[in-house]
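Colleague: Would you mind keeping the following structure in view while I ask a few things?
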Amino acid sequence: MSSLFKTALLLVALLWASPSDVMAQKATSKYRCMIQMTNYMGEGAYVVISLINPKGAYEKTLYVLGPDKEWYNTLKKWHQFQSKKPSNISAITGASVTGGDRAVNVLDIETSKINAGYKLRFESAVEDNKYHAADLEIPLTTAGLSAKSEGTGYIRYVRFSPN
């Protein structure tokens with residue numbers, strides 16, 4: 001009788017789960033993101049990869065290349081977003097990347113965002129050099145994720161592959 005009661009309670013709990021509980025279990029896809037930098041002169045570049053919603057606003061930080069918080073303000077537009085809606089980015093932060101080098105990181109992207117009007121923005125900055133608010137923007141589509149995309153600043157190109 002007690003196991004039947006426990007099963008009934010579990011069923012009731014599952015049926016009455018709030019929408020936020022269900023949303024917490026969003027399906028994600030992992031993509032390996034390779035960033036090839038141009039042969040610029042100077043310090044390591046700080047690069048932020050952000051999810052941009054269909055209205056053109058920042059929605060989420062996917063990865064930060066650059067470990068020192070004191071330099072995050074050089075990524076002006078992203079830093080403004082991050083300051084207004086702070087989130088813990090420690091698990092998605094890595095080393096900066098220097099001229100001519102490449103970085104490979106894994107991004108978790110919500111599957112529902114693919115082919116839904118979103119894009120990925122790559123913002124870059126190098127100490128004592130120019131800041132690029134949109135060094136590269138890639139439509140978050142299956143075609144965009146399978147193409148080689150050229151940057152306009154410190155990023156030469158970006159390629160994705162399923163992880």
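Bear in mind these aren't lab numbers, they're just calculated from the coordinates by the rules spelled out. This structure is a prediction, so every number in the text was calculated from the model and none was measured. Neighbour counts are summed over all protein chains in view; Cβ atoms, including those assigned to glycine, are modelled from backbone coordinates with ideal geometry.
Colleague: Answer yes if at least one residue in region 106-124 is more than 18 Å from Tyr31 (Cβ to Cβ) and surrounded by 13 or more Cβ atoms within 10 Å (Cβ to Cβ), and no otherwise.
Modeller: Among the residues of region 106-124, at least one is more than 18 Å from Tyr31 (Cβ to Cβ) and surrounded by 13 or more Cβ atoms within 10 Å (Cβ to Cβ), which makes the answer yes.
Colleague: While we're on this one: Check whether at least one residue in region 125-143 is of a type in the set (A, V, I, L, M, F, W, C), surrounded by fewer than 20 Cβ atoms within 10 Å (Cβ to Cβ), over 27 Å from Ala27 (Cβ atoms) and under 16 Å from the mean Cα position of the chain (by Cα), and report yes or no.
Modeller: Yes.
Colleague: Another question about this same structure. In region 58-69, is there at least one residue being at negative phi and in contact with a Gly (Cβ under 6 Å, 6 or more places away or on another chain)?
Modeller: Yes: one or more hits.
Colleague: Select, from Asp101, Asp135, the only residue that is touching a Ser or Thr at 6+ places or on another chain (Cβ under 6 Å) and closer than 15 Å to Val158 by Cβ.
Modeller: Details: Asp101 fails: touching a Ser or Thr at 6+ places or on another chain (Cβ under 6 Å).
Asp135 is the lone residue from the list that is touching a Ser or Thr at 6+ places or on another chain (Cβ under 6 Å) and closer than 15 Å to Val158 by Cβ.
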